[in-house]
1. Would you tally the residues in the stretch 94-124 being on the phi < 0 side of the Ramachandran plot, open to solvent by 20 Å² or more (accessible area, probe 1.4 Å) and of a type outside the set (D, E, K, R)?
2. Hey, can you tell me all the residues within the stretch 1-30 that are under 48 Å from the mean Cα position of the chain (by Cα) and open to solvent by 100 Å² or more (accessible area, probe 1.4 Å)?
3. Within the stretch 76-93, restricting attention to residues that are open to solvent by 60 Å² or more (accessible area, probe 1.4 Å) and either touching a residue at least 60 places away in the same chain (Cβ under 8 Å) or among the charged types (D, E, K, R) (or both), which residue is nearest to ALA179 (Cα to Cα)?
4. Counting only residues that are among the acidic types (Asp, Glu) and over 27 Å from TRP93 (Cα atoms), which one in the stretch 121-142 is modelled with the highest pLDDT?
5. Can you tell me which condition ALA34 does not meet? The list is (1) part of a loop (DSSP other than H, G, I, E, B); (2) at pLDDT below 80; (3) of a type in the set (Gly, Ala, Ser), and all the others hold.
6. Can you tell me which residue is farthest from GLY119 (Cα to Cα) among those in the stretch 138-161 that are charged (D, E, K, R) and crowded, with 16+ Cβ neighbours inside 10 Å?
Amino acid sequence: PAPPGPRLLDGLLDEVAAKRAARRRRGRYLVAAAAALVIGASAIAFVTASDEKPVVAVSPAETAFFNDMEQKVAATDAATAATATVGTEKKGWGTHVVLRLENVKGPLKCSLIAVGKNGEEETVTSWAVPKWGYGIADSPRDTARKPLFVHGGAAMKRSDIDRFEVRTSDGKRLVEVDA
């Protein structure tokens with residue numbers, strides 16, 4: 001057979017180049033679509049609509065506190081001046097708990113303890129308080145003026161919980177909230 005002519009070879013090279021260019025364009029479109037999806041999903045995840053204005057969700061705990069908690073109880077300790085609001089939600093596995101903590105200066109390591117009516121205790125969650133604290137109304141630091149929101153869970157049914165205690169790592173009780 002006769003070898004292919006230059007026109008056939010040029011046609012094949014043009015066809016390969018066109019397919020490669022189309023593949024690159026398609027790849028760019030997919031990258032742009034993925035970026036738009038990520039940016040759009042992020043905006044939706046961090047902004048929750050309310051009746052009055054959008055509320056920026058600072059953390060999952062804060063979002064749960066304002067949107068999911070069926071019951072909220074607050075208390076302020078006379079000796080420490082710490083204020084805690086505990087929100088609870090019944091779950092099949094026990095109780096989902098969110099704590100809003102204010103007027104606590106650090107540095108401290110703390111835990112939220114669920115105390116059952118039978119005296120049983122379970123650690124719901126733990127965290128560290130920086131030296132500037134949380135929920136300090138007259139603090140010059142913006143982050144210190146904001147309350148702390150943390151959440152966790154207890155295997156106890158909500159009806160079996162007597163109270164919640166915020167304790168330091170050395171066992172000192174900062175505030176107690178009845179369930």
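1. Residues meeting the conditions: 7.
2. Result: LYS19, ARG20, ARG23, ARG24, ARG25, ARG26, ARG28, TYR29, LEU30.
3. Among those that are open to solvent by 60 Å² or more (accessible area, probe 1.4 Å) and either touching a residue at least 60 places away in the same chain (Cβ under 8 Å) or among the charged types (D, E, K, R) (or both), it is LYS90.
4. Only one residue fits best here, namely ASP138.
5. (1)
6. Result: ARG145.
The values are calculated or read from the model by the stated rules, or taken from the named source; none is laboratory data. Note that the structure is a prediction, hence the values are computed from the model and not measured. FYI the Cβ positions are ideal-geometry reconstructions off the backbone, even for glycines, and counts take in every protein chain you see. Heads up: the accessible areas ignore ligands, DNA and RNA and are worked out on the full protein's heavy atoms, side chains in. Shrake-Rupley method; radii C 1.70, N 1.55, O 1.52, S 1.80 Å.
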